[in-house]
Structure formats: C-alpha cells, structure tokens
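Quick notes on the structure that follows.
The values are calculated or read from the model by the stated rules, or taken from the named source; none is laboratory data. Nothing here was measured: the structure is a model prediction, and the numbers come from that model. Methodologically, a virtual Cβ is constructed for each residue, glycine included, from the backbone with ideal geometry; neighbour enumeration extends over all protein chains shown.
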Amino acid sequence: MASNDRQAREERSRLRTYQARQEVHRRAERRRTRDNIVAGVVLVVVLALATGAQLVYFDGGPGTPEPVPTATPTPTPEAEAPSPELAEDRAWVGALTLNDTVLSLELDGQAAPQAVASTVTLAQEGFYDGVACHRLTTEGIFVLQCGDPNGDGSGGPGYSYGPIENAPADDVYPAGTIAMARQLGAPESQGSQFFIVYEDSTIPSDAAGGYTVIGRVTSGLEDLRSTITDQGAADGAPDGAPVRPVSITEFIVE
C-alpha cells in the first residue's frame, strides 16, 4: 500500500514537472512571437521614417537648405557654354517682347563676349520663348528679372559660366541696363537669367564683384514702366513676383 502511494506521488510529481516544462515552453514561444511582432512593427516604422526622410530630401523646394548626403552621387555632366567667339566682337541689335510690350535693345559683344554669346545663342534657339519674368524689385534697386525656365529663380540653360564681364566700377546701373543675374559670391554661376534696370540703381558689389552688363534698352522703357513695373510686386512687397504676370513673347537678335 505504502509502495503504491509513493509511486502515485512520484507520478504526480513527474506530471507536474512535465506540465511546468510545457508551460515554460509555451511562454517562451509566446514571447518569441510577441518579440517578432514588435520587431516587425519597429522595422516598418523605421522604413517609413527613412522613406519620409528621402521624400523630404528629394522634394525640397527652393530655399530649402541643401542636405549633407551620406554618399557622393555621380555628377551629371553639364553642357558647355557657347564660345565667346560667337559674340563676334560686335554690337547686336534686336527686340525683346514682354507680354505686348516691345523693347528695342543693343547687346555689346565686345565688352561682354561670353555673356553675349550665350544670350544670343539662347535667343536664336528659342530658349526664352514663353519664359517668365519672375522677380520685380521696387525699392532701392529697380530691376525686372527674367530668363528662368523654372519661373522661380532656380533654373538655367543646363550650363553656367563666368567670369564677370563689363561690370561698372562704381556699382551704378543706369536705367535701361541689361545685366546677367547670378548667385551671390559666385562669378561662375551666370546662365540664362538676366535683369532689366528700369530706373537708375546702385547695386552693391559682393565678394565676386559686380554684375555683367551685356547691353541696354534703346527704346520702350517707358512702356515697360507703365504696363508692368508700375503695377508693383505681389502683395505690395518690395521684392517679389510682378502683380501683372510677365512672360517673354519673343526675343530676336541679329
């Protein structure tokens, strides 16, 4: 009888031990499953955040600080600027039509051969047709800036050039002056954007110097003022998009 009781207790003990081990095993399985789920969720969140960061990087608009990449991409080869020889060391005459306003002009291929060669080539290729004049300044400096195919100050012809040519030593740009826009401090950043000075302006030089003067408006400046610049910039700001949208209807030089 005692032997049977002892045997029964041992069997119950072995059963409890087996059940305990099974419970430990089941808990371990549940923990692994839970950990895998949590890890999966974390991975999805990390991937989503990484994707969002890439979208911010690639979709940054104008004025967005340039991010520091973790790898250096292979640069896209840039087109070459037209040879200065194409300016032919001579004066070019033509007409620039902004909306319905026609400006007669003269470009000085002797004083600014690189810039004039580029501008004449772009005009003859029809690059400027339909391109907006995106910026008007109305206080201190009086200029209408044109020639950006993106329409926001960020675009160009696919190349840039320098150095600065024919900049006034006294920083004075008389009414009618046509000059090339560029980035601050960057003489090699000239491209397709130019500005027309519609009232006498003193434009300070920066570390790179002044601005390349390519020519002048010989007639039509009063019409430019009455039809476009006198309307002011958007929201009454001293610097911004013209109230009256402006685009280049035609640019002819010969």
Check: Within the group 175, 169, which residue is of a type outside the set (S, T, N, Q), in contact with a helix residue (DSSP H, G or I) (Cβ under 8 Å, 6 or more places away or on another chain), in a loop (DSSP other than H, G, I, E, B) and over 18 Å from residue 245 (Cα atoms)?
Finding: 175
Next item on the list: Find the residue count for region 205-222, including only residues that are within 20 Å of residue 147 (Cα to Cα) and in a helix (DSSP H, G or I).
Entry: 1
Margin query: Go through (1) at positive phi; (2) not in a helix (DSSP H, G or I) for residue 235 and report which single condition fails.
Written below: (2)
Next item on the list: Considering each residue of region 200-234, count those that are under 26 Å from residue 188 (Cα atoms) and free of Cβ contacts under 8 Å to residues at least 24 places away in the same chain, and give that number.
Entry: 2
Notebook entry, point to check: Of the residues 181, 91, 112, which is surrounded by fewer than 15 Cβ atoms within 10 Å (Cβ to Cβ) and in the same structural domain as residue 208 (by TED's automatic domain parsing)?
Noted result: 91
Next item on the list: Answer yes or no: is there a residue in region 152-164 that is over 23 Å from the mean Cα position of the chain (by Cα), surrounded by fewer than 21 Cβ atoms within 10 Å (Cβ to Cβ) and under 20 Å from residue 98 (Cα atoms).
Entry: no
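Counting only residues that are touching an Asp or Glu at 6+ places or on another chain (Cβ under 8 Å) and part of a loop (DSSP other than H, G, I, E, B), which one in region 192-204 is nearest to residue 138 (Cα to Cα)?
It comes out as 203.
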Item checked: Looking only at region 96-109, and only at residues there that are buried (at least 17 other Cβ atoms within 10 Å of the Cβ) and in contact with an Asp or Glu (Cβ under 7 Å, 6 or more places away or on another chain), the one that is farthest from residue 224 (Cα to Cα) -> 109
Next item on the list: Name the residue, out of 144, 122, that is assigned to a helix (DSSP H, G or I), among the aliphatic types (A, V, I, L, M) and in contact (Cβ under 8 Å) with a residue 60 or more places away in the chain.
Entry: 122
Notebook entry, point to check: When you go through 90, 135 one by one, which is the residue that is modelled with pLDDT of 95 or more, basic (Lys, Arg), under 19 Å from residue 177 (Cα atoms) and within 25 Å of the chain's Cα centre (by Cα)?
Noted result: 135
Check: When residues of region 213-227 are filtered for being over 30 Å from residue 169 (Cβ atoms) and surrounded by 14 or more Cβ atoms within 10 Å (Cβ to Cβ), how many remain?
Finding: 2
